[in-house]
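K.L.:
To start, I am sharing the structure in question, which I have written as structure tokens.
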Amino acid sequence: MRTASCIEIGNSAILSELILKHDSPDSAAITSVACDCLVRVKTPAELTCDEWQVWESLRTTTKWLDSPFFAADFVRAVAHFNPAVRIAVLRDQESIVGFWPFEVQRRSGRPVASLVTELTGLIFDASRPLNLGDVLPAMGLHHWRFDCVPETQSAFSPFIIRNMSSSFISLQDGYDSYRESLLARNCRQFAENARKSRKLERERGPLSWVWHQADSKLLDELIRWKRIQYRRTGMLDVLGVPAVRDLLRHLLEQASERFGGVMAALSVAGQPIAIHYGLRDNRVMASWFHAYDPTYAAFSPGRIVMHKLIEDATAYGIERIDLGQGDERYKASLSNGSLTVGEGIVCQKKLDQMLLSAWIRAREVASSNSYFRMPLKWIRNMRGRQKGVAP
């Protein structure tokens, strides 16, 4: 351990005490940085009840922090299966001003549950100034890569390499208002969806629908179908990671009326043919994993499930369903709003920032060229193996 010393940042002398044991789950680090901000790195188990209360209070005052992926319960659940989860507690001279949750791997940082999370960033009042480049060394990190930070988190703006669109369904004015807004776009999907439902029932048997069923066998079936889909489309099989499967099961088993996994299912003659797993926190649900029995593909059971989910959502207190990034047709047809999210990397050194940014830009250019798709797929699989993901 280093002794306390004075460090000059800008025009101010700052007292710094650094405990150099970031790779130990039980360690914490304290250092003060620019912007009059004191940083203490803790494990989730080390946060006090008062600190968790401040966390949830900040979520109620800052836009888009109401996503379930920013919930304290989600971070604690991930930490239950991943000892690499850390939280940087940010303070000014008087009180806590924010939190930066992350996973640490040597000197590299990434968002909590980066393989499956769909929104990430700081638990922080975006109206306050904050230089992330100053905070990063206090966290013991050389860089922190992100790919889905909401545009409202202005502290990340200097580090964003590209922006993407993340779709959502707003039900604040009720389902009828939502339906009318889609019909106004000359949307025929409601009639088409009803027609396929009738056809499915006529040819295969009576349909049944359940909003939530905490059944482990149902979850196993969803995972099996989804992994088949990943192999068919060439995507990384994130559900091949045991910790991810354990997390889904934990969130389902420990669910409350306020937070947790919500698993909906569509069945034909008592046999599930489509399953949707959402993560809920209060009035917001993230549409997380959904899949269907491939033998029923001609009936579009995935669309039927989404329509039923949206129709019943308001009855269960849901006002927004986040669909996440992606250009899938169902997202374009069902969404009535979108959020801009950023991808980029926060680095200590400008040279590292330039090199890593260049790699991300080159990857995006190459992904649009058929000659580079196989090499990129190979690289993604190699990176996936490093994280424990089956190709």
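K.L.:
Using label points projected 7 Å from each Cα along Cα→Cβ, tell me how many nm separate Gln53 and Asn193, to one decimal.
P.N.:
4.2
K.L.:
Can you work out ³J(HN,Hα) from phi for every residue in the stretch 258-273, in order, using Karplus 6.51 cos²θ - 1.76 cosθ + 1.60 and θ = phi - 60°, giving whole Hz and x for Gly and Pro?
P.N.:
Calculated HN-Hα couplings, in order: 8, 9, x, x, 10, 10, 9, 9, 10, 10, 10, 6, x, 9, x, 10 Hz.
K.L.:
Shifting gears a bit: Counting only other residues whose beta carbon sits under 15 Å from that of Arg185, what net charge do I get with K and R as +1, D and E as -1?
P.N.:
Taking every Cβ under 15 Å from that of Arg185, the sum is +2.
K.L.:
Give me the percent relative contact order of the stretch 72-113, please, defined on Cα pairs under 8 angstrom at least 6 residues apart.
P.N.:
The normalised contact order for the stretch 72-113 reaches 32 percent.
K.L.:
Another one. Suppose the chain between Ser165 and Ala332 were pulled fully straight at 0.36 nm per residue; how much longer would it get relative to their current alpha carbon spacing?
P.N.:
59.0 nm
K.L.:
Looking at the stretch 270-342, which GluC sites (Glu not before Pro) are in a loop (DSSP not H, G, I, E or B) and have at most 13 other Cβ atoms within 10 Å?
P.N.:
Hits after loop and neighbour filter: Glu328.
K.L.:
In whole Hz, with x marking every Gly and Pro, tabulate ³J(HN,Hα) for the stretch 240-256 from phi via Karplus 6.51 cos²θ - 1.76 cosθ + 1.60, θ = phi - 60°.
P.N.:
Whole-Hz 3J(HN,Hα) from phi for the stretch 240-256: x, 8, x, 5, 5, 4, 5, 5, 4, 5, 4, 5, 6, 6, 9, 5, 10.
K.L.:
Calculate, in nm to one decimal, what Met235 and Arg204 gain on full extension: separation in residues at 0.36 nm each, minus their alpha carbon distance.
P.N.:
8.1 nm
K.L.:
If the chain between Lys63 and Asn186 were fully stretched, how many nm would it gain, using 0.36 nm times the residue separation less the Cα-Cα distance?
P.N.:
Residue separation times 0.36 nm, minus the Cα-Cα distance, leaves 41.2 nm.
K.L.:
Next question, about the same structure. Express the C-alpha Rg of the stretch 213-258 as a ratio against the empirical globular expectation 2.2 N^0.38 Å, rounded to two decimals.
P.N.:
This ratio for the stretch 213-258 stands at 1.25.
K.L.:
At what distance in nm do the modelled label points of Gln105 and Arg91 sit from each other, each positioned 7 Å from its Cα along Cα→Cβ?
P.N.:
Each label point lies 7 Å from its Cα, and together they span 3.2 nm.
K.L.:
Using a 1.4 angstrom probe on heavy atoms only, work out the carbon and sulfur share of the accessible area of the stretch 147-207 in %.
P.N.:
Accessible surface attributable to carbon and sulfur in the stretch 147-207 totals 43 percent.
K.L.:
Which entries in Lys42/Lys349; Lys196/Lys308; Lys199/Lys308; Lys226/Lys331 show an alpha-carbon gap greater than 20 Å?
P.N.:
Exceeds cut-off: Lys42/Lys349.
K.L.:
Which stretch or stretches of the stretch 269-313 have amide N atoms under 19 Å from the point lying 7 Å from Arg76's Cα along the Cα→Cβ direction?
P.N.:
279-284
K.L.:
Follow-up. Pull up all non-local amide H partners of Arg283: gap of 5 or more, or a different chain, and H-to-H distance under 5 Å with H placed in the peptide plane.
P.N.:
For Arg283, whose amide H was placed from the backbone, there are no distant partners under 5 Å.
K.L.:
Between the stretch 266-298 and the stretch 69-88, what is the separation of their alpha carbon centroids in Å?
P.N.:
25
K.L.:
Could you please put Cys49, Cys187, Cys37 in sequence from largest to smallest accessible area, using a 1.4 Å probe?
P.N.:
From most exposed to least exposed: Cys49, Cys187, Cys37.
K.L.:
Given labels modelled 7 Å from the Cα in the Cβ direction, how far is it in nm from Ser154 to Arg245?
P.N.:
Placing both labels 7 Å beyond Cα along the Cβ direction yields 4.6 nm.
K.L.:
Same structure, new question: Using a 1.4 angstrom probe with every protein chain in place, what is the largest-first accessible-area order of Ser256, Ser114, Ser127?
P.N.:
So the residues, ranked largest to smallest area, are Ser127, Ser256, Ser114.
K.L.:
Per residue of the stretch 142-152, what does 6.51 cos²θ - 1.76 cosθ + 1.60 with θ = phi - 60° give for ³J(HN,Hα)? Whole Hz please, x for Gly and Pro, Karplus curve as stated.
P.N.:
8, 7, 9, 9, 9, 9, 8, 8, x, 4, 5
K.L.:
Next up: Take every Cα pair under 8 Å in the stretch 242-344 that's 6+ residues apart, average their separations, divide by the length, and report that relative contact order as a whole percent.
P.N.:
Over the stretch 242-344, the number comes to 19 percent.
The values are calculated or read from the model by the stated rules, or taken from the named source; none is laboratory data. Owing to the predicted nature of the structure, the values given are computational and were not obtained by experimental measurement. Every residue, glycine among them, receives a Cβ derived from its backbone with ideal geometry; neighbour counts consider all protein chains shown. Just the protein is used for accessible areas: all its heavy atoms, side chains included, with ligands, DNA and RNA removed. Shrake-Rupley method; radii C 1.70, N 1.55, O 1.52, S 1.80 Å.
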